[in-house]
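The values are calculated or read from the model by the stated rules, or taken from the named source; none is laboratory data. Computed from a prediction, not measured in an experiment: that's the story for all the values here. Counting neighbours? That spans all protein chains shown, and the Cβs are built from the backbone with ideal geometry, glycine included.
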Amino acid sequence: MNLLERVRTCRFKRMDFGTAEKIVEKLLFIAALSSTLIVFFIIAFMFKEGIPALALGWDFFFGMIWRPSHNQYGIFPLVVCTFIVGIGALVLAAVIGIPAAIYLAEYSPAWLRNIIKPCVEMLVGIPSIVLGFFGLIVIVSYIRDSFGGYGECILAGWIILAIMTLPHVISISEDSIRAVPKEYKEGSLALGATQLQTIKKVILPNARSGILAAMVLGMGNAIGETMAVLMVIGNPEIPFIPSSILDPVRVLTSTIVIEIPYAVWGSLHQQALFALGVVLFIVVAILNLITTAVVRKGAMR
């Protein structure tokens, strides 16, 4: 084979590789676009089905009575209870999770961290129905015996959701603390600060964006949780705004699960349940946008 034939052969091979790369690129683009289209179609379907209920306006968003049998679809108590349960669980998770993250990142020996960290991350793999069953049998019974009432209440929801939120708070917070440049810590210690002062004045302020992102992400997960909450919060027939953490409540997710089986297809009741899904989606989307903004702001700093 002479030199000219070799050049032609190499050129054809290069053209073949270029064609294959373009095909692979198109396939990857289609795969990425398909996930976006799936989300778009789900959102479009939810809005399409929920528009008649959303069109009720003030009576829907700020109505105080949710009673489908009387064509009353006020979701304000449901929204308030959803945020009460979510925020309370997040506070409880933060009280436990952030100190745990600080210990794992700054104080824990390597062998102990290698034991604790996998155990924390293992909580993510526990099915929510299993945690809900644990809460129903153990936590609800303990609250009933210790504080009175039915046991199925806000406090039980806080504890279960805090357990489910802990892995996100601990893992992301610890990663944020470890991401702080070592020079900051070493410089603070060299100037005479104690380790506790260094953590308080140097490390935590620089890891703040990651910790806040973990909190907001945990809030989104807590609000969107269904089965575990459904089993422990009581779900009264007529939702109301609670006055005590021992009161049973209903949240957006549990209302959809409870009522969708007997909602007549095409009825205003079913459309109102789809509208609840739209409201829940908007809340979680806003929380995710806040998380993204906080992370970007921290990266720019």
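Could you say whether any residue in segment 68-91 is outside any helix (DSSP H, G or I), assigned by TED's automatic domain parsing to the domain that holds CYS153, in contact (Cβ under 8 Å) with a residue 24 or more places away in the chain and among the aliphatic types (A, V, I, L, M)? Checking segment 68-91: at least one residue is outside any helix (DSSP H, G or I), assigned by TED's automatic domain parsing to the domain that holds CYS153, in contact (Cβ under 8 Å) with a residue 24 or more places away in the chain and among the aliphatic types (A, V, I, L, M). For segment 156-190, filtered to residues that are more than 22 Å from PRO99 (Cα to Cα) and surrounded by fewer than 22 Cβ atoms within 10 Å (Cβ to Cβ), the residue that is farthest from the chain's Cα centre (by Cα) is ALA190.
Exactly one residue out of ILE129, ILE102, ILE139 is in contact (Cβ under 8 Å) with a residue 24 or more places away in the chain, assigned to a helix (DSSP H, G or I) and within 17 Å of LEU246 (Cα to Cα): that is ILE139.
If I ask for residues that are surrounded by fewer than 21 Cβ atoms within 10 Å (Cβ to Cβ) and touching a residue at least 24 places away in the same chain (Cβ under 8 Å), which ones from segment 146-155 would you list? Of everything in segment 146-155, those that are surrounded by fewer than 21 Cβ atoms within 10 Å (Cβ to Cβ) and touching a residue at least 24 places away in the same chain (Cβ under 8 Å) turn out to be PHE147, GLY148, GLY149, TYR150. Applying the criterion of being in contact with a strand residue (DSSP E or B) (Cβ under 9 Å, 6 or more places away or on another chain) and among the hydroxyl-bearing types (Ser, Thr, Tyr) to the residues of segment 71-109, the residue that is farthest from MET215 (Cα to Cα) is TYR73. Apart from one condition, GLY63 fits all of (1) under 26 Å from the mean Cα position of the chain (by Cα); (2) surrounded by 16 or more Cβ atoms within 10 Å (Cβ to Cβ); the exception is (1).
Somewhere in segment 112-126, is a residue surrounded by 20 or more Cβ atoms within 10 Å (Cβ to Cβ), part of a helix (DSSP H, G or I) and either outside the structural domain of GLY210 (by TED's automatic domain parsing) or small (Gly, Ala, Ser) (or both)? Looking for residues that are surrounded by 20 or more Cβ atoms within 10 Å (Cβ to Cβ), part of a helix (DSSP H, G or I) and either outside the structural domain of GLY210 (by TED's automatic domain parsing) or small (Gly, Ala, Ser) (or both), one finds none in segment 112-126, hence no. Screening PRO236 against (1) over 24 Å from the mean Cα position of the chain (by Cα); (2) within 30 Å of GLY63 (Cα to Cα); (3) touching a residue at least 24 places away in the same chain (Cβ under 8 Å) leaves a single unmet condition, (3). Tallying residues that are assigned to a helix (DSSP H, G or I) and among the charged types (D, E, K, R) within segment 203-260 yields 2. Per this entry, ALA213 is not counted among residues that are modelled with pLDDT of 85 or more, small (Gly, Ala, Ser) and closer than 30 Å to ALA293 by Cα. Restricting segment 134-161 to residues that are of a type in the set (Phe, Trp, Tyr) and touching a helix residue (DSSP H, G or I) at 6+ places or on another chain (Cβ under 7 Å) leaves a set whose member that is modelled with the highest pLDDT is TRP158.
Just one of the listed residues (GLY266, GLY224, GLY277) is farther than 17 Å from TYR150 by Cβ and without any contact (Cβ under 8 Å) to a residue 12 or more places away in the chain, namely GLY266.
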